[in-house]
Each structure stands twice: as structure tokens, then as C-alpha cells.
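Following: one structure in C-alpha cells, then a few remarks.
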Ligand SMILES: C[S@@+](CC[C@H](N)C(=O)[O-])C[C@H]1O[C@@H](n2cnc3c(N)ncnc32)[C@H](O)[C@@H]1O
């Protein structure tokens, strides 16, 4: 039985592996305050679809992506080649250090990467983000955060089951609630500027809707493997079944939240 769902996602060229998928990305990009010539890093860029969308909206910005998974990095590079884009640099982060020098970027974009860090790794990952940001740099992320009414026993139970079945936790339990995230950001030196809860996401919030036909095609060809390759089909059905079993609660437990924060320089 396979237990790393991220390998499966890279195999099928998945994009939007975060709360509210494409809508979540479009709301985030509509709140991306980028100036021409800014340097932007996407932490945990997965198969590269969001970076391509950003390149459509902010053609003057310099774009960089890193990912801990070599298979994700391979797929992101394949996607860029398929789309004929050679202006985005993708690097494999071989450990949880960001492979760039201090003060390299104006902004860091993150979708569903911080929440899956376990325990204090969430703090150390944010400290790494701070290190590579320029003075007054910004971070904007869409991460799944537990709702205040979800008790710590349920959180622990779900995380244990997710880790065992999918190879990753659902969402950090050391900093479980929104107030913990805001406090954590503050303690690191980030001032929270905006919070948009996933339950309020809607199309009216979207001012940019970047469309990249070839990137869409790349995602589709990967997703077709679910139907054309028996091994991939079985793996997909297996994950679907396990997800239903583990995350089948009749009350909402968590939601994706977009937070943008600015580095306050000491
Ligand atoms: C749930 S996926 C999300 C991928 C992409 N951001 C998206 O929303 O479609 C999480 C990604 O983050 C990567 N990742 C996890 N921890 C990381 C870290 N510390 N540094 C860089 N990438 C990381 C994983 O390899 C994976 O590709």
C-alpha cells in the first residue's frame, strides 16, 4: 500500500492541491501586491501551475519556485517546458532550508505547504521565509487551519490517520487555530495585514483569472492517467476511499485561510 499522496499528485500533474483549488489561487493572486521587477518565490510550488499563472499576470516580475519533492520539481520543469516558458527558475530544496541567500525576495507565495509542516517545523519554515525576504518583504499564503470549535483530540486523531495513510498530516496541531498563527507570525516579525477566510471566497473577489491553455492541457493529460493506467486508477480509488473514511465528519473542522503579512524590520 502506497502512503505518499504527494508522489501520486505529481504523477497525475495535479494542480491546486490546496483549499478551494483554482478559486483559492485566483483569490490569492487577486490580493498579490506585486510591483514590476519584484522577485517572487513560491515555496512548495508543486507541479508549477500557480507560477505559470503568476507569470501571466505579472510578466515583469522575476519568478522562482522550490519544492522538497524531486518528483514535483521534475513535473514543474516539464510543465514549464510544455508551455514554452523558460523565464521561471525551479529548484529542488534538498532539505527544509530555502536554497537562496538572505534577503533575496520581495514576496513569498505559499499554498498548502506551511500547514503540513509538523510541530515546530512550521515555525522554522517561517523563519526561513523571513531570512530570504528583503526588508519590508511580504508573505501571502493559503493554508488549512483548524476551526476554533475543533478539539485537540480530533485534530490529533485526524493527523495520525493522515500521516499513516497519506504520508502527510492534515494541518499543524502545534499551532492549531487562527489566533495561534497570527501570534506565531507576530513573534517571528511579521505583521498580519489581511485575512480572508475560505468560507467567504467567491467569484466577486477575483480580479485576475489568469488562463494558461497549455498548462491546463498539461494538468489534463496527467489527470487522464487515472483512467488510462490501471495502477494509477487503483491508487486513486484507494486514496479516495481512505479520504472518505478519515475525513468523513458532519461538521466543518477546518478551512483554508489566506493570510498576507509584512516583515517588520527590527
Ligand atoms: C499539498 S502540496 C501543494 C502544492 C502546491 N503548492 C499546490 O497548492 O498545488 C505541498 C507541496 O509542498 C512541498 N513541501 C512541503 N514542505 C516543503 C518545504 N519545507 N519546502 C519546500 N517544499 C515543501 C511538497 O513537496 C508538496 O509539493
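Values in this text are rule-based calculations from the coordinates and carry no lab data. None of the values given here were measured: they were computed from a predicted structure. Cβ atoms come from the backbone with ideal geometry, glycine included; neighbour counts cover every protein chain shown.
Computed over the stretch 83-179, the convex hull of the alpha-carbon atoms projects to a mean area of 8.1 nm². Taking other C-beta atoms within 10 Å as the exposure proxy, 181, 236 rank 236, 181 from fewest upward.
Cα centroid separation, the stretch 171-234 to the stretch 245-266: 10 Å.
The distance separating the Cα centre of the stretch 92-148 from that of the stretch 66-89 comes to 19 Å. Treating each Cα of the stretch 138-266 as an identical point scatterer and summing with the Debye formula, the log10 of I(q)/I(0) at q = 0.15 Å⁻¹ comes to -0.99. A viscosity of 0.890 mPa s and a temperature of 25 °C, combined with the Kirkwood radius over Cα pairs in Stokes-Einstein, give a translational diffusion coefficient for the stretch 5-263 of 131 µm²/s.
For the chain, the mean residue ellipticity at 222 nm estimated from helices alone is -13000 deg cm²/dmol, where every DSSP H run of n ≥ 4 contributes -39500 (n - 2.57) and the total is divided by all residues, rounded to the nearest 500.
If you count the DSSP beta bridges with both ends in the chain, what percent of them are antiparallel, to the nearest 5? Please report the intermediate quantities before stating the final value.
On the way: 16 of 37 bridges.
Restricted to the chain, the bridges split so that about 45 percent are antiparallel.
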